[in-house]
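Before any comments, here is the structure.
The values are calculated or read from the model by the stated rules, or taken from the named source; none is laboratory data. Owing to the predicted nature of the structure, the values given are computational and were not obtained by experimental measurement. Counting neighbours? That spans all protein chains shown, and the Cβs are built from the backbone with ideal geometry, glycine included.
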Amino acid sequence: MLSRRLFSAALVTGLAAPTILRAQDSRVEDLRAQAVALPQLHAILVQRGADRLVAEAPRGRGLASPANIKSCSKSVLALVLGTVIATGEIAGLSARLGDVAPRLIPDDATEGVADLTMGDLVTLRGGLEGTSGGNYGAWTQSRNWVAYALRQPRIAPNGGRMIYSTGTTHVLGAAITVATGRDLRSLVRERLGRPLGIDVPSWTRDPQGYYFGGNEMALTPEAMLRLAVMMRDGGRHDGEPVIPADWVSASRQPVTRSPYSGLDYGLGWFLSGSGWMIARGYGGQIIAAHPERALAVAITSDPMQPARSGGYFGDLMRLLDGPILQLA
């Protein structure tokens, strides 16, 4: 038999539940309205725990069609590196490019590139002038993308400051291919796609046939969300390990900092002071996980429009730190 105190508590809880649900519904609707109002946004998925709270595609090709995730593929590449190190195919983050894949280094490479470690490459601390931004076109029009990147002038020491450069992660992707004898697409499909039930339907290759290590990968928003949930859950999917938990944990440790956004950067993932780990791609492509709040987010946007930290990407960060965090 319920005591009077327990009965009263149960009654209060029961009466309060509809109010709590209405407040949550209001927060979800507020988030949905704010997201849809962003003219560059194509799709947004938000999951808390096992519950999908938002699934909207006001523009673009929808939630189940592939989208170019741009530089979010740098973060996916970092996860592949974690599996390759776990299997011993590459000795570790301290392994040198000159030992892992010496054939990639041209005779006229910039001094010191053989000593670049896998850790230097995955954290964008290669020390060479970047091939992104204004240098991107000349790089992708070159005959050998890896060699071109390794011939760039040195502007910092190996393992020094962060220099955002897709050429750096492309070298990393090529090194993984040489070390494993497997192309990146097959590795992503095997080590992420198969356990998560997702696919990589298309991906650009360079003139030597290496898949683009840091750009031009296609994933559906649904697939992006599964990656976000896996990162939120410590590298597990449906309770089964996909990425080693220690690699996911290490990915959340700041190693350097972006000179553009001010966000910290770990093993291929941006890290916010509010607790998000973020894969970020040109135009406003986002895969984000917040383990402490049990949140996972996937956002696709117009890939032809810029998303600067002081512009649209700033809008997306305010969405993550504002109405999305309020759902937890």
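Taking the stretch 303-324 only, how many residues are out of contact with any helix residue (DSSP H, G or I) (no Cβ under 9 Å at 6 or more places or on another chain), surrounded by fewer than 17 Cβ atoms within 10 Å (Cβ to Cβ) and over 23 Å from ASP25 (Cα atoms)?
Counting residues in the stretch 303-324 that are out of contact with any helix residue (DSSP H, G or I) (no Cβ under 9 Å at 6 or more places or on another chain), surrounded by fewer than 17 Cβ atoms within 10 Å (Cβ to Cβ) and over 23 Å from ASP25 (Cα atoms) gives 4.
Each row is one residue, and each column tells you yes or no for (1) surrounded by fewer than 23 Cβ atoms within 10 Å (Cβ to Cβ); (2) touching a residue at least 12 places away in the same chain (Cβ under 8 Å).
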| residue | (1), (2) |
| --- | --- |
| LEU77 | no, yes |
| THR87 | yes, no |
| LEU93 | yes, yes |
| PRO102 | yes, yes |
| ILE105 | yes, yes |
| ASP108 | yes, yes |
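Could you check the stretch 158-176 and list, in sequence order, the residues that are over 15 Å from ALA109 (Cα atoms) and either outside any loop (DSSP other than H, G, I, E, B) or over 19 Å from the mean Cα position of the chain (by Cα) (or both)?
Selection gives GLY159, GLY160, ARG161, THR166, THR169, HIS170, LEU172, GLY173, ALA174, ALA175, ILE176.
Of (1) over 20 Å from ASP30 (Cα atoms); (2) of a type in the set (Lys, Arg); (3) without any contact (Cβ under 8 Å) to a residue 60 or more places away in the chain, ARG232 satisfies all except one. Which?
So the condition that ARG232 fails would be (3).
Listed residues MET224, MET230; which is farther than 25 Å from TYR136 by Cα, touching a Ser or Thr at 6+ places or on another chain (Cβ under 8 Å) and crowded, with 19+ Cβ neighbours inside 10 Å? Let's see the steps before the verdict.
Numbers: MET230 fails: touching a Ser or Thr at 6+ places or on another chain (Cβ under 8 Å).
Answer to the selection: MET224.
Scan (1) surrounded by 17 or more Cβ atoms within 10 Å (Cβ to Cβ); (2) at pLDDT below 95 for the single condition TYR260 breaks and write down its number.
(1)
Any idea which residue in the stretch 202-221 is surrounded by the fewest Cβ atoms within 10 Å (Cβ to Cβ), counting only those that are part of a loop (DSSP other than H, G, I, E, B), within 16 Å of the chain's Cα centre (by Cα) and not hydrophobic (A, V, I, L, M, F, W, C)? I'd like the intermediate steps shown before the answer.
So in the stretch 202-221, the residues part of a loop (DSSP other than H, G, I, E, B) come out as 202, 204, 206-210, 212-216, 220.
Narrowing the set further to residues that are within 16 Å of the chain's Cα centre (by Cα) leaves 212-216, 220.
Adding the requirement that they be not hydrophobic (A, V, I, L, M, F, W, C) leaves 213-216, 220.
Values: GLY213: 30, GLY214: 29, ASN215: 22, GLU216: 19, THR220: 23.
The extreme case among them is GLU216.
Any residue that is buried (at least 23 other Cβ atoms within 10 Å of the Cβ), in contact (Cβ under 8 Å) with a residue 40 or more places away in the chain, under 28 Å from ASP302 (Cβ atoms) and not hydrophobic (A, V, I, L, M, F, W, C) - is there at least one of those in the stretch 130-149? Walk me through how you get there before you give the answer.
To start, the set of residues in the stretch 130-149 that are buried (at least 23 other Cβ atoms within 10 Å of the Cβ) comprises 131, 145-146, 149.
This time we only want the ones that are in contact (Cβ under 8 Å) with a residue 40 or more places away in the chain, so: 145-146.
Imposing the further condition that a residue be under 28 Å from ASP302 (Cβ atoms) reduces the set to 145.
With the extra rule that they be not hydrophobic (A, V, I, L, M, F, W, C), the set shrinks to none.
No, every residue in the stretch 130-149 fails to be buried (at least 23 other Cβ atoms within 10 Å of the Cβ), in contact (Cβ under 8 Å) with a residue 40 or more places away in the chain, under 28 Å from ASP302 (Cβ atoms) and not hydrophobic (A, V, I, L, M, F, W, C).
Testing ALA174 on (1) without any contact (Cβ under 8 Å) to a residue 40 or more places away in the chain; (2) aliphatic (A, V, I, L, M); (3) over 15 Å from LEU227 (Cα atoms), one condition comes back false. Which one is that?
Against the list (1) without any contact (Cβ under 8 Å) to a residue 40 or more places away in the chain; (2) aliphatic (A, V, I, L, M); (3) over 15 Å from LEU227 (Cα atoms), ALA174 comes up short only on (1).
Which number in (1) farther than 21 Å from LEU45 by Cα; (2) among the charged types (D, E, K, R); (3) assigned to a loop (DSSP other than H, G, I, E, B) marks the one condition that ASP199 misses?
(1)
On the basis of being touching a helix residue (DSSP H, G or I) at 6+ places or on another chain (Cβ under 7 Å), surrounded by fewer than 23 Cβ atoms within 10 Å (Cβ to Cβ) and not hydrophobic (A, V, I, L, M, F, W, C), does ASN158 make the cut? It would help to see each step written out before you state the result.
Values: touching a helix residue (DSSP H, G or I) at 6+ places or on another chain (Cβ under 7 Å): yes; surrounded by fewer than 23 Cβ atoms within 10 Å (Cβ to Cβ): yes; not hydrophobic (A, V, I, L, M, F, W, C): yes.
Yes, satisfied.
Consider the stretch 21-56. How many of its residues are out of contact with any strand residue (DSSP E or B) (no Cβ under 7 Å at 6 or more places or on another chain) and either of a type in the set (Ser, Thr, Tyr) or in a loop (DSSP other than H, G, I, E, B) (or both)?
Within the stretch 21-56, residues that are out of contact with any strand residue (DSSP E or B) (no Cβ under 7 Å at 6 or more places or on another chain) and either of a type in the set (Ser, Thr, Tyr) or in a loop (DSSP other than H, G, I, E, B) (or both) number 6.
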